[in-house]
1. Quick check on residue 201: is it over 30 Å from residue 128 (Cα atoms) and either in contact with a helix residue (DSSP H, G or I) (Cβ under 9 Å, 6 or more places away or on another chain) or in contact (Cβ under 8 Å) with a residue 60 or more places away in the chain (or both)?
2. From 131, 88, grab the single residue that is over 27 Å from residue 176 (Cβ atoms) and either at pLDDT 95 or above or within 18 Å of the chain's Cα centre (by Cα) (or both).
3. Residues to consider are 199, 219; find the one that is closer than 26 Å to residue 259 by Cβ, at pLDDT below 90 and assigned to a strand (DSSP E or B).
4. Among the residues of the range 153-174, are any in contact with a His (Cβ under 6 Å, 6 or more places away or on another chain), farther than 30 Å from residue 213 by Cβ and modelled with pLDDT under 95?
5. Check whether at least one residue in the range 266-273 is more than 20 Å from the chain's Cα centre (by Cα) and crowded, with 16+ Cβ neighbours inside 10 Å, and report yes or no.
6. Scan (1) part of a strand (DSSP E or B); (2) surrounded by fewer than 17 Cβ atoms within 10 Å (Cβ to Cβ); (3) among the hydrophobic types (A, V, I, L, M, F, W, C) for the single condition residue 235 breaks and write down its number.
7. What's the total number of residues in the range 156-192 that are within 24 Å of residue 110 (Cβ to Cβ) and under 21 Å from the mean Cα position of the chain (by Cα)?
8. Quick one: count up the residues across the range 157-185 that are among the aliphatic types (A, V, I, L, M) and farther than 23 Å from residue 204 by Cα.
Amino acid sequence: MKIADSANSPRTRALLIAAAWSTVITADPALGQLGVRPGVGAALHLELARPDFDEPGLFPGLRGAWTADATAVVPAGDRVSAFARVGLSRASVEGVPSSTTLSHPRVGIVVEGASWLLVEVHTDLPWMQELGERRYATTVGSVADYERLERYRQDAWSLGGSLTPWTELSGGLVVSGRLAWTITSSTPTLDREIFLAYAGSLRFPVGATEWDASISAIALLSEEGLSFNERTIHFASLSVAAVEAPARPELFIRAPVDTNLDPVLNWVLGVRVYLGG
């Protein structure tokens with residue numbers, strides 16, 4: 001059984017890239033990368049997510065898929081935190097052995113540039129590991145991974161960063177935006193791809209919970225021969241966190257809101273917990 005390859009065409013690759021960029025935007029806008037708080041105590045952040053794909057889509061015979069993510073955070077000053085992150089993707093397809101992939105590790109820093117602005121930079125080191133004989137978990141991670149496609153790209157490293165301005169209004173309402181960029185480079189060929197992401201988010205308290213609703217988008221800048229609609233894709237995201245509970249458990253869902261990913265991804269549902277910090 002042949003598992004579809006994300007690199008079969010520029011359009012398919014662009015769609016997979018776009019799917020993987022539906023990420024950090026839903027996190028607390030004042031927390032930066034996956035809840036990294038600048039300058040506070042050491043912490044461990046965990047996430048488990050389940051993507052739902054069209055059938056047959058890219059994965060004919062898919063029986064199950066999930067991704068996991070772990071982030072360690074260490075304060076490096078009053079307004080600076082360093083973080084390290086690694087992800088895991090696992091999937092099973094009918095009639096073939098299951099597949100598991102350990103992502104490239106990511107290291108970076110988040111800085112509180114001002115009381116209303118977070119600045120983040122990171123790099124993904126080219127140490128991805130495909131465990132077992134099959135490789136389709138790499139493609140699953142590319143589409144559904146909470147963080148970024150480049151963490152599951154073979155023989156590649158990346159450099160990225162973001163700016164996250166935010167402000168708190170009356171009633172605890174927080175309005176934020178985000179502008180992010182990433183450059184990936186293949187280690188054998190030095191071919192480069194460049195992406196730009198942007199988002200807007202509203203976060204508001206409801207009793208002992210906090211809700212976050214956002215719209216995000218990604219543009220693939222370096223691919224030639226794509227129209228604007230093929231080059232960009234938009235997602236809607238919603239999350240709710242029990243802020244007074246131990247480990248601040250959070251549920252989230254995100255889904256594409258245009259038609260570009262109709263043959264690929266329906267939605268991603270997941271849970272996060274925040275330990276320490």
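1. Numbers: over 30 Å from residue 128 (Cα atoms): yes; either in contact with a helix residue (DSSP H, G or I) (Cβ under 9 Å, 6 or more places away or on another chain) or in contact (Cβ under 8 Å) with a residue 60 or more places away in the chain (or both): yes.
The answer is yes for residue 201.
2. Numbers: 131 fails: either at pLDDT 95 or above or within 18 Å of the chain's Cα centre (by Cα) (or both).
After ruling out the rest, the residue left standing is 88.
3. Details: 199 fails: at pLDDT below 90.
From the options 199, 219, the qualifying one is 219.
4. Restricting attention to the range 153-174, the residues satisfying the condition of being in contact with a His (Cβ under 6 Å, 6 or more places away or on another chain) are 160.
Still in the list and also farther than 30 Å from residue 213 by Cβ: none.
Looking for residues that are in contact with a His (Cβ under 6 Å, 6 or more places away or on another chain), farther than 30 Å from residue 213 by Cβ and modelled with pLDDT under 95, one finds none in the range 153-174, hence no.
5. Step one: list which residues in the range 266-273 are more than 20 Å from the chain's Cα centre (by Cα), which gives none.
No, every residue in the range 266-273 fails to be more than 20 Å from the chain's Cα centre (by Cα) and crowded, with 16+ Cβ neighbours inside 10 Å.
6. (2)
7. Within the range 156-192, the subset within 24 Å of residue 110 (Cβ to Cβ) is 156-169, 172-185.
Then keep just the ones that are under 21 Å from the mean Cα position of the chain (by Cα); that gives 156-166, 175-185.
Here the count works out to 22.
8. So in the range 157-185, the residues among the aliphatic types (A, V, I, L, M) come out as 159, 163, 169, 173-175, 179-180, 183.
With farther than 23 Å from residue 204 by Cα added as a condition, the list becomes 159, 180, 183.
Matching residues across the range 157-185 total 3.
The values are calculated or read from the model by the stated rules, or taken from the named source; none is laboratory data. Values in this document were obtained by computation on a predicted structure and should not be read as measured data. Don't worry about glycine lacking a Cβ; one is built from the backbone with ideal geometry, like all the others, and counts go over all protein chains shown.
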